[in-house]
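Here is the structure we will look at.
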Amino acid sequence: MQQSSNNSRRSFIRSAAGKAAVAAIAPSAFAMAETTQTASGNSRIIGANDRIRIAVLGINGRGKTHVEEIMDLAAKSNVEVVALCDPDMNLLKVAAADFEKKYGKKVAIEQDFRKIYDDKTIDAVTLATPNHWHALQTIWACQAGKDVYVEKPATHNIHEGKKMIEAAYKYNRIVQHGVQLRSSVAIREAVKHLEEGLIGKVYMSRGLVYRRRPDIGNKGISPIPAGLNYDLWCGPAPMRPFSKNLVHYNWHWHWNYGNGDVGNQGIHETDLCMWGLGVDQLPERITSMGGKFLWDDCKEVPEVQTSIYHYPKQKKMIQFEVRHWNTNLEDGAGVGNIFYGEKGYMVVKGYNTYETYLGEKREKGPSRSEGGELGLHFQNWFDAIRTRDMSIQNGPVQTGHLSSSLAHLGNISYRLGRQLEFDPVAERFIGEGENEANAMLSRDYRAPYLLPEVI
């Protein structure tokens, strides 16, 4: 059940009724205001010559890459990382020292991201926090007048995606989903080939995730380390006893915080499956199965998982596979996508390489490999911030909702152990057992970290 937002932070909640969000709205359908308005009524116009001041939230892993990419673009794009935020003060102190050594300047540090949001000198935030925080931090950032770069998956559950879209449009915020392959020169060319019929009618796409995920054991319960604000780390999720199996990376494999590898690495591939296949809504039929076959550790998510997403009206299908240990590559792709058409097939490897094979004899067709996609993705975000134009975004908020939701649908089918029927317009399950499945579209939120019903 969704809880009331009455106890949420007062400065982030607006009393006006929010507009209904539709998942498949095209970004170009909305005009962005040239002057950006903050939740408190203050405004700031970011012109071509104004520096965009950015705070990075979550600095243990991916956040370090955010800092590097933004600072590499600092001179060219007139941007700057001015603050680092993480509930672990131990990480913050090390990161701040490294930042000063590398860039010759100090950076502010803060454990509580809400203080970052209250700072009106900060224009934008990047989110490299655990999955269970992404949507709420994005929504609160929009309400506080910040533009957002949110890592994949954009959401921890399907309901959150609708609220994120609503918040982005209501507060005129540029929300970029961190699927950098959308800015890859090679992958954009690959999708154009698919759209123009290089391999004929494209009827199926496959997403592949092979990551070598070892046995993590079971470290049990231990005292909360000094310097860690564990309440803030848990946020909207239940506050379970502290375990080193959660903080700082293996939360990915626990349902309260992560979404397994289909909802981790796999979001890049679910996104490309939908993009390349040309579908702009969720499927009507979903089935998923898998399990843990090698390790007897404390992971809750399946280590091996196969999901099928069926679009009967379009006569298209998505197949998604997660494998975790010693396995084969498929035409060289371990993490990537394969698209099947009547005239051939296309293999996408990682974020920046594609190859095509045509006809019965698999004759080699066009191919390309070109890096630099992450820098291009951040630059695209900066350009959209300056122009206040969602239509130029490569990874707009809607795509974050859809690609994340595809993973969530597979996980719901896996957890319930059966095929599910889904209404992609209402974004609700239908048919037998619908109530049990629909209960998994959202979650219970722990006060005061409540997802607002009124955005």
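Across segment 399-416, in residue order, what do the Karplus-derived ³J(HN,Hα) couplings come to in whole Hz, using 6.51 cos²θ - 1.76 cosθ + 1.60 with θ = phi - 60° and x for Gly and Pro?
5, x, 4, 5, 5, 5, 5, 4, 5, 4, 4, x, 5, 5, 4, 4, 5, 8
For segment 60-66, what does the Karplus curve 6.51 cos²θ - 1.76 cosθ + 1.60, with θ = phi - 60°, yield as ³J(HN,Hα) per residue in whole Hz, taken in order and with x for Gly and Pro?
Result, rounded to whole Hz: 6, x, 4, x, 4, 5, 4.
Could you please rank ARG368, ARG182, ARG240, placing first whichever residue has the fewest other Cβ atoms within 10 Å of its Cβ?
Final ranking by Cβ density, sparse to dense: ARG240, ARG368, ARG182.
In debye, nearest 20, what is the charge dipole magnitude of the chain about its Cα centre with +1 on Lys and Arg Cβ and -1 on Asp and Glu Cβ, if you could check?
Dipole magnitude for the chain comes out near 500 debye.
I'd like the GluC sites (Glu not before Pro) in segment 317-365 restricted to DSSP loop residues with at most 13 other Cβ atoms within 10 Å, sorted by number.
Filter output for segment 317-365: GLU342, GLU360.
Would you compute, from DSSP H runs of 4+ residues alone, the mean residue ellipticity of the chain at 222 nm, taking -39500 (n - 2.57) per run and dividing by the full residue count, rounded to the nearest 500?
Helix-only estimate at 222 nm: -8500 deg cm²/dmol.
Arrange the following residues from fewest to most other Cβ atoms within 10 Å of their Cβ: HIS408, HIS132.
The order, fewest Cβ neighbours first, is HIS408, HIS132.
Can you give the % of DSSP beta bridges in the chain that are antiparallel, to the nearest 5?
That works out to approximately 65 percent antiparallel.
Among the chymotrypsin sites (Phe, Trp or Tyr not before Pro) in segment 274-369, which ones are in a DSSP loop with at most 10 other Cβ atoms within 10 Å of the Cβ? Mind listing them?
In loop regions of segment 274-369 (DSSP not H, G, I, E or B), the sparsely surrounded chymotrypsin sites (Phe, Trp or Tyr not before Pro) are PHE293.
Counting Lys and Arg as +1 and Asp and Glu as -1, what is the net charge of the other residues whose Cβ lies under 15 Å from the Cβ of SER77?
Summing Lys/Arg as +1 and Asp/Glu as -1 gives -4.
Can you tell which of ILE318, HIS248, GLY372 lies farthest toward the positive end of the dipole of the chain, using +1 and -1 charges on the Cβ of basic and acidic side chains (Lys, Arg; Asp, Glu)?
HIS248
Let me know the charge dipole size of segment 125-215 about its Cα centre in debye, to the nearest 20, where only the beta-carbon of Lys, Arg (+1) and Asp, Glu (-1) is charged.
Around 120 debye, computed over segment 125-215.
To the nearest Å, what is the center-to-center distance of segment 174-239 and segment 338-368, using C-alpha atoms only?
One Cα centre to the other: 23 Å.
Sequence-distant or interchain residues sharing an amide H contact under 5 Å with LYS343, placed H: which?
Counting only residues 5 or more places away or on other chains, the set is GLY200, LYS201.
With θ taken as phi - 60° and the coefficients 6.51, -1.76 and 1.60, list the Karplus ³J(HN,Hα) couplings across segment 440-448 in order, rounded to whole Hz; mark glycine and proline as x.
Here the 3J(HN,Hα) series is 8, 6, 9, 8, 7, 9, 8, 5, x Hz.
What list do you get for LEU376, LEU420, LEU409, LEU329 if you sort them by fewest beta carbons within 10 Å?
In increasing order of surrounding Cβ atoms, one gets LEU329, LEU376, LEU420, LEU409.
A short reminder: the numbers here are calculations on the coordinates, not readings from a lab. Since the structure is predicted, the reported quantities are computational estimates derived from the model, not experimental observations. Every residue, glycine among them, receives a Cβ derived from its backbone with ideal geometry; neighbour counts consider all protein chains shown.
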